[in-house]
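Contents: one structure, followed by commentary.
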Amino acid sequence: MKVPYALAVTSGTSALRVALAALEIKENDEIITQSFTFVATAEAIIESRAIPVITEIDKTLNMDPKDLEKKITDKTKAIIVVHMLGTPARLKQIKAIADQHDIPLIEDTAWGCGGYYNDIPLGTYGEIGTYSFDFAKTMTTGEGGMVVFKDKKLYDKAAAWHDHGHENNPEFPRWEDSRSSSGFNYRMNEMQGAVGLAQLKKLDFVVKEQRKNAKLIMDAISDLPVEMRFAPKGSYETADALVFLVKNNNIARKCRDALLEAGLGTKILPEAITWHFAGTWDHMPELVNRNGKDLTNAFPISLELLNRSVSLPISVNMIENFPQKIEKALGSAL
Ligand SMILES: Cc1ncc(COP(=O)(O)O)c(C=O)c1O
């Protein structure tokens with residue numbers, strides 16, 4: 001990832017938790033993230049005893065920079081932008097806003113491993129980047145994650161915190177390590193590390209093949225009445241999924257049904273919006289307290305966009321004639 005420091009951890013969720021620990025986030029600090037993400041992003045904030053503040057998304061289906069500006073307060077201590085389903089967020093604008101307010105930017109790159117923005121690897125544009133290597137991600141260690149840093153001080157803090165506070169010094173035995181704070185155990189184990197190294201060699205190939213398959217699908221459905229998700233200029237997407245928008249939720253569901261009938265599936269949208277949209281997380285008092293009881297309608301722009309989005313899963317090995325099959329299924333639904 002062209003950065004000097006990387007720390008292997010147990011999951012993408014713990015990667016976020018460790019990133020927040022490195023920034024010394026305290027109780028009641030506000031951390032801004034976006035409405036469309038996996039529940040893990042908000043969980044890491046809550047686990048840090050901070051308050052999740054949620055922005056709307058735009059047609060990138062990632063953080064809306066205009067809403068980000070509105071949500072910044074004196075209590076904002078970090079911004080977590082997410083490259084959902086492998087498409088880069090509007091990093092240039094978001095980083096400029098973060099810098100203007102002197103707020104560190106974390107990139108939740110759970111879906112963006114192997115992607116780029118203006119030739120910069122996703123996860124390395126901001127101060128800290130986090131990755132997930134769970135079973136559903138572009139590269140996997142079964143479960144696992146990584147945190148990357150440009151700044152040694154942040155790395156050192158994270159390294160100690162993810163290992164019970166051990167300030168590792170190779171010149172001393174482990175029991176003589178110094179400590180400045182408590183921490184936790186989020187260490188990746190050696191066996192996962194070995195799997196990760198083998199996976200890493202395949203990363204560029206996997207992304208390249210997924211992008212090829214995405215292009216074949218895009219070409220096949222180009223005459224259908226769908227609007228492709230917007231990718232900011234300079235994006236090199238991981239193409240884990242291809243997302244398009246239709247007129248309304250009814251039609252999105254029709255697309256899903258037609259795809260299922262043809263032996264194809266969808267990914268997250270529209271069916272699993274529940275775990276990926278903050279408007280449905282009324283089990284989190286931290287969100288309800290901040291946004292009111294009617295959480296569903298607290299992020300109306302996001303709700304409207306997500307309700308009419310369909311996401312096609314893409315892998316290296318797809319079923320035979322998948323572009324034609326997808327085109328036929330969607331054609332009938334639309
Ligand atoms: C955006 C996002 N952040 C964080 C995570 C958490 O990763 P993990 O499953 O490795 O804990 C995920 C997992 O799907 C994710 O999609």
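The values are calculated or read from the model by the stated rules, or taken from the named source; none is laboratory data. Quick caveat: nothing in here was measured; it's all calculated off a predicted structure. Here Cβ is always computed from backbone atoms with ideal geometry, including for glycine, and neighbour counts include all displayed protein chains. These accessible areas exclude ligands, DNA and RNA; they are computed on the full protein's heavy atoms, side chains included. Shrake-Rupley method; radii C 1.70, N 1.55, O 1.52, S 1.80 Å.
Determine whether the range 187-202 contains at least one residue that is closer than 28 Å to residue 308 by Cα and in a strand (DSSP E or B). There is no residue in the range 187-202 that is closer than 28 Å to residue 308 by Cα and in a strand (DSSP E or B).
Could you tell me whether the range 292-310 includes any residue that is touching a Cys at 6+ places or on another chain (Cβ under 7 Å) and farther than 26 Å from residue 114 by Cβ? Taking every residue of the range 292-310 in turn, none turns out to be touching a Cys at 6+ places or on another chain (Cβ under 7 Å) and farther than 26 Å from residue 114 by Cβ.
Of the residues 305, 312, 295, the single one that is surrounded by 17 or more Cβ atoms within 10 Å (Cβ to Cβ), among the aliphatic types (A, V, I, L, M) and without any contact (Cβ under 8 Å) to a residue 24 or more places away in the chain is 295. Being within 12 Å of the ligand (Cβ to nearest atom), part of a strand (DSSP E or B), open to solvent by less than 10 Å² (accessible area, probe 1.4 Å) and over 20 Å from residue 245 (Cβ atoms) holds for only one residue in 33, 41, and it is 33. Condition check for residue 278 on (1) within 16 Å of the ligand (Cβ to nearest atom); (2) among the small types (Gly, Ala, Ser); (3) under 21 Å from residue 227 (Cα atoms): one failure, at (3). Within the range 190-216, track down each residue that is over 23 Å from the mean Cα position of the chain (by Cα) and either surrounded by 12 or more Cβ atoms within 10 Å (Cβ to Cβ) or charged (D, E, K, R) (or both). Matches in the range 190-216: 190, 216. Among the residues making up the range 98-129, those that are within 15 Å of the ligand (Cβ to nearest atom) and either more than 15 Å from residue 238 (Cα to Cα) or assigned to a strand (DSSP E or B) (or both) are 106, 107, 108, 126, 128, 129. Screening residue 69 against (1) within 12 Å of the ligand (Cβ to nearest atom); (2) outside any loop (DSSP other than H, G, I, E, B); (3) charged (D, E, K, R) leaves a single unmet condition, (1). Whenever a residue of the range 176-187 is at positive phi and of a type in the set (Lys, Arg), it has no partner that is open to solvent by 70 Å² or more (accessible area, probe 1.4 Å) and in a loop (DSSP other than H, G, I, E, B) lying with C-beta atoms less than 7 angstrom away and at least six residues away or across chains.
Is it the case that some residue within the range 222-233 is crowded, with 18+ Cβ neighbours inside 10 Å and not in a loop (DSSP other than H, G, I, E, B)? Checked against the condition, which is being crowded, with 18+ Cβ neighbours inside 10 Å and not in a loop (DSSP other than H, G, I, E, B), the range 222-233 yields no hits at all.
Modelled with pLDDT of 95 or more, assigned to a loop (DSSP other than H, G, I, E, B) and surrounded by fewer than 18 Cβ atoms within 10 Å (Cβ to Cβ) - does that describe any residue in the range 10-17?
First, pick out the residues of the range 10-17 that are modelled with pLDDT of 95 or more: 10-17.
Next cut, assigned to a loop (DSSP other than H, G, I, E, B) only: 10-11.
From what is left, the residues that are surrounded by fewer than 18 Cβ atoms within 10 Å (Cβ to Cβ) are none.
The answer is no, given that none of the residues of the range 10-17 is modelled with pLDDT of 95 or more, assigned to a loop (DSSP other than H, G, I, E, B) and surrounded by fewer than 18 Cβ atoms within 10 Å (Cβ to Cβ).
When the range 130-150 is limited to residues that are aliphatic (A, V, I, L, M) and touching a residue at least 40 places away in the same chain (Cβ under 8 Å), the one that is farthest from the ligand (Cβ to nearest atom) turns out to be 148.
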